[in-house]
Amino acid sequence: SQQGEEDPQALSIQEGENATMNCSYKTSINNLQWYRQNSGRGLVHLILIRSNEREKHSGRLRVTLDTSKKSSSLLITASRAADTASYFCATGFGNEKLTFGTGTRLTIIP
Amino acid sequence: GAVVSQHPSWVICKSGTSVKIECRSLDFQATTMFWYRQFPKQSLMLMATSNEGSKATYEQGVEKDKFLINHASLTLSTLTVTSAHPEDSSFYICSGAKNIQYFGAGTRLSVL
């Protein structure tokens, strides 16, 4: 079963705009991760945020975590056509099994 | 980051045949590998956890006799879909764990 829901399910924006997607989860976590999946491909790890962190940055990516609300958000700034992909949050770490959210399909319109 | 190679990337087979998918960690040793299944426009669903040298742990609802997993070395895990049927057609993805999970590129299985 899915750990959480992602919102929105699909998002289309113009190139250059910012994209925000949200993830909610159900159980207590030690960390939360975000992955990107290009169509028909495997997943690429983007960023990991620990439960004691509230915000983390990596290049054009900004992730927030609110453990009181059991939610996380991924912000992609200054979007590019190459950012078109599906984005998944996941809980679990290392040798633990990952439980994925439902995913957000992001389309960047050139 | 670490690299996981998955092969083949695409396979078409006749109903009733068996298909083997390989997952290799190329530059690290993965004591644990995971196998996921993904339907179109859906998220990944964990099928099983593969531990080197021991039996795989299957998720509820996954038939262990249908999806045979072997993890004979620290760099190789295989998934064999036995007596494949059209409903087994799906996208299968493996991952190797090294602090975080590194994913293979996936295998698209089409059963005719």
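Just so it is clear, none of the values below were taken in a lab; they were calculated from the coordinates. A quick note: this is a predicted structure, and the numbers were derived from the prediction, not measured. A quick note on method: Cβ atoms are made from the backbone with ideal geometry, for glycine too, and the neighbour counts reach across all protein chains shown.
Going by a ≥ b ≥ c, the root eigenvalues of the Cα gyration tensor, does the stretch A:35-102 fall in the rounded group (a/c under 1.5), the prolate group (a/b larger than b/c) or the oblate group? Working shown, then result.
On the way: a/c = 2.02, a/b = 1.21, b/c = 1.67.
Oblate.
Give me the inter-chain shielding for A:87-96: mean count of other chain Cβ atoms within 10 Å, whole number please.
On the way: counts 0, 2, 1, 4, 0, 5, 4, 6, 11, 5.
Per residue, the number of nearby Cβ atoms from other chains is 4 on average.
Name every cysteine in the protein assembly as shown that ends up alone, with no second cysteine's Cβ under 4.7 Å, or say none.
Result for the protein assembly as shown is B:CYS13, no neighbouring Cys Cβ within the cutoff.
Would you mind giving the mean number of other chain beta-carbons within 10 Å of the Cβ of each residue in A:43-55, as a whole number?
2
Using a Förster distance of 22 Å, how high is the FRET efficiency between A:ASP66 and A:GLN9, based on the Cβ-Cβ distance and rounded to 0.05? Can you show the working numbers first?
Values: r = 21 Å, r/R0 = 0.95.
For R0 = 22 Å, the calculated efficiency reads 0.60.
Counting Lys and Arg as +1 and Asp and Glu as -1, each charge on the Cβ, what is the dipole of the protein assembly as shown about the Cα centre in debye, to the nearest 20?
So the magnitude is around 120 debye.
State the Cα centre-to-centre distance between the stretch A:53-110 and the stretch B:32-109 in whole Å.
Cα centres, the stretch A:53-110 to the stretch B:32-109: 24 Å.
Evaluate peptide B:83-96: per residue, the Cβ atoms of other protein chains within 10 Å of its Cβ; return the mean as an integer. Let's see the in-between values first.
Values: counts 0, 0, 0, 0, 0, 0, 0, 0, 3, 0, 4, 1, 5, 0.
Partner-chain Cβ atoms within 10 Å, mean over residues of B:83-96: 1.
With both bridge residues required to lie in chain B, what share of the DSSP beta bridges run antiparallel, to the nearest 5%? Spell out each step's value before the answer.
On the way: 37 of 41 bridges.
Close to 90 percent.
Per 0.36 nm of contour for each residue apart, how much would the distance between A:ASN18 and A:LYS56 grow if the chain were fully extended, relative to their Cα-Cα spacing?
On the way: separation 38, 0.36 × 38 = 13.68 nm, distance 1.65 nm.
This chain segment gains 12.0 nm when fully extended.
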